[in-house]
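Below is one structure, written out as structure tokens; the observations come after it.
The values are calculated or read from the model by the stated rules, or taken from the named source; none is laboratory data. Remember, it's a predicted structure, so these values are computed and weren't measured experimentally. Note that we place each Cβ from the backbone using ideal geometry, even for glycine, and neighbour counts take in every protein chain shown.
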Amino acid sequence: MPDHPIDPDTAVATLANGVRVVSIALPNLHTASVSVFVRSGSQHESKRLNGISHFVEHMAFKGTLTRDCQRINLDAERLGADVNAHTDKDHTAFHLRGMAAHAGPFVQMLGDIVRNGTFPEVELERERQVILQEFIEDDDDGLSVAFKLFDKSCFGEHPMARPVIGTRANIERLTRAELTGYVRAQYTGANVVVGVAGNIDPDQIVRDAEAAFGSMPQGSRNVVAAPAYGGGVQSRRLTGCPQSHVALGFPIPGLTQDHQAGIVAAALFGEGMSSPLLDQIRERRGLVYHAACSADVMELCGQFVIEASTSPEHLDEFFIEVTRLLHAHAGSIDPVGFERARNQIAVRSLLAHERPARRIEAAAIDLFVLGRVRSQAEVAAAVGDVTPDQVRMTFEQMLAARASVAVAGKVGKGLNERILGLMLPQV
């Protein structure tokens, strides 16, 4: 028996060219979720090509060697399937969800989309305009801008600091040759996971994946060096935005390290209306109309993130109170809050485990980062082993680091200097 057994309903196979196939047999379902994950995202891009992974995701549906974009959509939708895709910092994914009986054809359809895109020039220019509209909308969103500034504060010039959508200049400039060249370099067997969950036959899924992906070049793993954490204050004034949107946080361990205490710390601090962040900052003091806390645990690093939206006149007091709460948690951990946090994480994990699409994405990330798929029991046990003192030490270690702070929206004169004085002495 392996040291870390996977869930009994899960099977992993590796094709000769390195493509991994994850099959999760859920016979109680009538549907199947089928996804192809490629280890290629904004963290794998050069500055000149920032945004190209997202552009490729859009263009993959615009035509293949045998199908135009209308046929691609019709082939899926005549079977009642939902078609979707997304790009993140560490991967790009393509999805189909429909009847379980069509899982095999879905693997074939996604194989065609991922491997045989032709990126026709006329479609490229149309899609360029679509992405530019998406960029404008994203750039008008105060919280989205704050998060982009936050990443810049955390990671400086490292690719992790670059936005998934890219820059406007790059979107306007990227060529078909650059897109096709990027796909040839990045979309290889060593960087692909095919995931299927539902009422399926795992052996048949492997045969379907072999037919669709078996001839893909193996290539080598897309690897990026971990960033050096920076810290500091970034701000940007948004014309016409009456609110101030904040993202602030600290470094925590990444997925390959002992990261569970960071997850518990974030849930303890700001998950749920009874958490200190929401109870003290929102409910009792009315300093924000939106606040949340999360632990973003990635392959290369982790981020403990507090986000908030507030009126400018409450901004200073918000930083003062958040700082007070952080220091309080570095001093001691409330046992009731600790119990709440662990139970919320357990329920959240179970809910994700009951969603097929979430399970195959989690399995793909595990394979990319850890080289294996963790079982539900292993994940739960790792969180269950976290002690209150480990969480307290996580807050202590975060406060010893240089905080990253970003504010977007209505930004007053001298805000950066005020944050330096109001918040943490080490910022």
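Scanning for something buried (at least 16 other Cβ atoms within 10 Å of the Cβ) and touching a Leu at 6+ places or on another chain (Cβ under 9 Å), does segment 345-353 turn up at least one residue?
Scanning segment 345-353, I find no residue that is buried (at least 16 other Cβ atoms within 10 Å of the Cβ) and touching a Leu at 6+ places or on another chain (Cβ under 9 Å), so the answer is no.
Quickly run through segment 160-186 and pick out the residues that are buried (at least 17 other Cβ atoms within 10 Å of the Cβ) and either hydrophobic (A, V, I, L, M, F, W, C) or under 22 Å from residue 97 (Cβ atoms) (or both).
Listed by number, the residues that qualify are 160, 161, 164, 165, 171, 174, 179, 183.
List the helices (runs of 4 or more DSSP H) inside segment 117-205, counting only whole elements, that have at least 1 residues being β-branched (Val, Ile, Thr), closer than 23 Å to residue 234 by Cα and outside the structural domain of residue 294 (by TED's automatic domain parsing).
121-139, 142-155
Specify which of the listed residues (83, 56) is among the hydrophobic types (A, V, I, L, M, F, W, C), within 20 Å of the chain's Cα centre (by Cα) and either surrounded by fewer than 20 Cβ atoms within 10 Å (Cβ to Cβ) or not assigned by TED's automatic domain parsing to the domain that holds residue 40 (or both).
Working: 56 fails: either surrounded by fewer than 20 Cβ atoms within 10 Å (Cβ to Cβ) or not assigned by TED's automatic domain parsing to the domain that holds residue 40 (or both).
Exactly one residue qualifies, and that residue is 83.
Restricting the search to segment 208-231, which residues are in a loop (DSSP other than H, G, I, E, B), among the hydrophobic types (A, V, I, L, M, F, W, C) and under 18 Å from residue 115 (Cβ atoms)?
First, pick out the residues of segment 208-231 that are in a loop (DSSP other than H, G, I, E, B): 214-231.
Subsequent filtering for residues that are among the hydrophobic types (A, V, I, L, M, F, W, C) retains 216, 223-226, 228.
216, the sole residue that qualifies.
Would you confirm whether any residue within segment 326-343 is within 16 Å of the chain's Cα centre (by Cα) and at pLDDT 95 or above? Spell out the reasoning first.
Just the residues of segment 326-343 that are within 16 Å of the chain's Cα centre (by Cα), to begin with: none.
Looking through segment 326-343, none of the residues is within 16 Å of the chain's Cα centre (by Cα) and at pLDDT 95 or above.
Looking at 377, 357, which is the one that is among the small types (Gly, Ala, Ser), in contact with a Lys or Arg (Cβ under 9 Å, 6 or more places away or on another chain) and outside the structural domain of residue 153 (by TED's automatic domain parsing)? First the steps, then the outcome.
Values: 377 fails: in contact with a Lys or Arg (Cβ under 9 Å, 6 or more places away or on another chain).
Going through 377, 357 in turn, just one is among the small types (Gly, Ala, Ser), in contact with a Lys or Arg (Cβ under 9 Å, 6 or more places away or on another chain) and outside the structural domain of residue 153 (by TED's automatic domain parsing): 357.
From the list 380, 403, which residue is surrounded by 15 or more Cβ atoms within 10 Å (Cβ to Cβ), more than 20 Å from the chain's Cα centre (by Cα) and closer than 30 Å to residue 193 by Cβ? So that I can check it myself, show each step before the final result.
Numbers: 403 fails: closer than 30 Å to residue 193 by Cβ.
Just a single option satisfies the conditions, and that option is 380.
Tally time: how many residues in segment 296-347 are of a type outside the set (Phe, Trp, Tyr) and closer than 19 Å to residue 263 by Cβ? Before you say what the answer is, go through the steps one by one.
Here is the first cut: in segment 296-347, the ones of a type outside the set (Phe, Trp, Tyr) are 296-303, 305-317, 320-337, 339-347.
From what is left, the residues that are closer than 19 Å to residue 263 by Cβ are 296-303, 305-307, 325-326, 329-330, 333-337, 339-347.
Matching residues across segment 296-347 total 29.
In segment 335-359, how many residues are without any contact (Cβ under 8 Å) to a residue 40 or more places away in the chain and more than 30 Å from residue 97 (Cα to Cα)?
3
In this structure, is residue 56 assigned to a strand (DSSP E or B) and not polar (S, T, N, Q)?
Details: assigned to a strand (DSSP E or B): no; not polar (S, T, N, Q): yes.
In short, no.
Which one of 28, 84, 17 is polar (S, T, N, Q) and not in a loop (DSSP other than H, G, I, E, B)? If you could, list the steps in order and put the result at the bottom.
Details: 28 fails: not in a loop (DSSP other than H, G, I, E, B); 17 fails: not in a loop (DSSP other than H, G, I, E, B).
Going through 28, 84, 17 in turn, the sole match is 84.
Does any residue of segment 264-271 turn out to be in a loop (DSSP other than H, G, I, E, B) and either in the same structural domain as residue 186 (by TED's automatic domain parsing) or among the small types (Gly, Ala, Ser) (or both)? Walk me through it before giving the result.
Start the filter on segment 264-271 by keeping residues that are in a loop (DSSP other than H, G, I, E, B), which leaves 271.
Those left that are additionally either in the same structural domain as residue 186 (by TED's automatic domain parsing) or among the small types (Gly, Ala, Ser) (or both): none.
The answer is no; no qualifying residue exists.
Could you list all residues from segment 133-158 that are buried (at least 20 other Cβ atoms within 10 Å of the Cβ), closer than 20 Å to residue 48 by Cα and in contact with a helix residue (DSSP H, G or I) (Cβ under 7 Å, 6 or more places away or on another chain)?
135, 151, 152, 155
So, of the residues in segment 173-195 that are among the hydroxyl-bearing types (Ser, Thr, Tyr) and touching a residue at least 40 places away in the same chain (Cβ under 8 Å), which turns out to be farthest from residue 119 (Cα to Cα)?
Within segment 173-195, the subset among the hydroxyl-bearing types (Ser, Thr, Tyr) is 175, 180, 182, 187-188.
So of that shortlist, the ones also touching a residue at least 40 places away in the same chain (Cβ under 8 Å) come out as 180, 182, 187-188.
Numbers: 180: 8, 182: 12, 187: 15, 188: 18 Å.
Here the answer is 188.
Go through segment 8-51 and give me each residue that's under 18 Å from residue 358 (Cβ atoms), polar (S, T, N, Q) and buried (at least 16 other Cβ atoms within 10 Å of the Cβ).
10, 23, 31, 33, 35
Would you be able to say whether some residue in segment 281-300 is under 28 Å from the mean Cα position of the chain (by Cα), polar (S, T, N, Q) and buried (at least 22 other Cβ atoms within 10 Å of the Cβ)?
First, pick out the residues of segment 281-300 that are under 28 Å from the mean Cα position of the chain (by Cα): 281-282, 288-300.
Still in the running and polar (S, T, N, Q): 294.
Going one step further and asking which of them are buried (at least 22 other Cβ atoms within 10 Å of the Cβ), we end up with none.
Among the residues of segment 281-300, not one is under 28 Å from the mean Cα position of the chain (by Cα), polar (S, T, N, Q) and buried (at least 22 other Cβ atoms within 10 Å of the Cβ), which makes the answer no.
Checking residue 115 against (1) within 28 Å of residue 216 (Cα to Cα); (2) touching an Asp or Glu at 6+ places or on another chain (Cβ under 7 Å); (3) among the charged types (D, E, K, R), only one condition comes out false. Which one?
Going through the list (1) within 28 Å of residue 216 (Cα to Cα); (2) touching an Asp or Glu at 6+ places or on another chain (Cβ under 7 Å); (3) among the charged types (D, E, K, R), residue 115 breaks only (2).
When you go through 306, 320, 360 one by one, which is the residue that is at pLDDT 95 or above and under 20 Å from residue 231 (Cα atoms)?
Numbers: 320 fails: at pLDDT 95 or above; 360 fails: under 20 Å from residue 231 (Cα atoms).
Every option except 306 fails the conditions.
Hey, does segment 234-253 have a residue that's of a type in the set (Gly, Ala, Ser), touching a Cys at 6+ places or on another chain (Cβ under 9 Å), part of a loop (DSSP other than H, G, I, E, B) and crowded, with 16+ Cβ neighbours inside 10 Å?
Step one: list which residues in segment 234-253 are of a type in the set (Gly, Ala, Ser), which gives 235, 240, 244, 247, 249.
Applying the additional criterion that residues be touching a Cys at 6+ places or on another chain (Cβ under 9 Å) yields 249.
So of that shortlist, the ones also part of a loop (DSSP other than H, G, I, E, B) come out as none.
Checked against the condition, which is being of a type in the set (Gly, Ala, Ser), touching a Cys at 6+ places or on another chain (Cβ under 9 Å), part of a loop (DSSP other than H, G, I, E, B) and crowded, with 16+ Cβ neighbours inside 10 Å, segment 234-253 yields no hits at all.
Answer yes if at least one residue in segment 4-18 is acidic (Asp, Glu) and within 20 Å of residue 202 (Cβ to Cβ), and no otherwise. Outline the logic, then answer.
Filtering segment 4-18 for residues acidic (Asp, Glu) gives 7, 9.
Now narrow it down to the ones that are within 20 Å of residue 202 (Cβ to Cβ): 7, 9.
There is at least one residue in segment 4-18 that is acidic (Asp, Glu) and within 20 Å of residue 202 (Cβ to Cβ).
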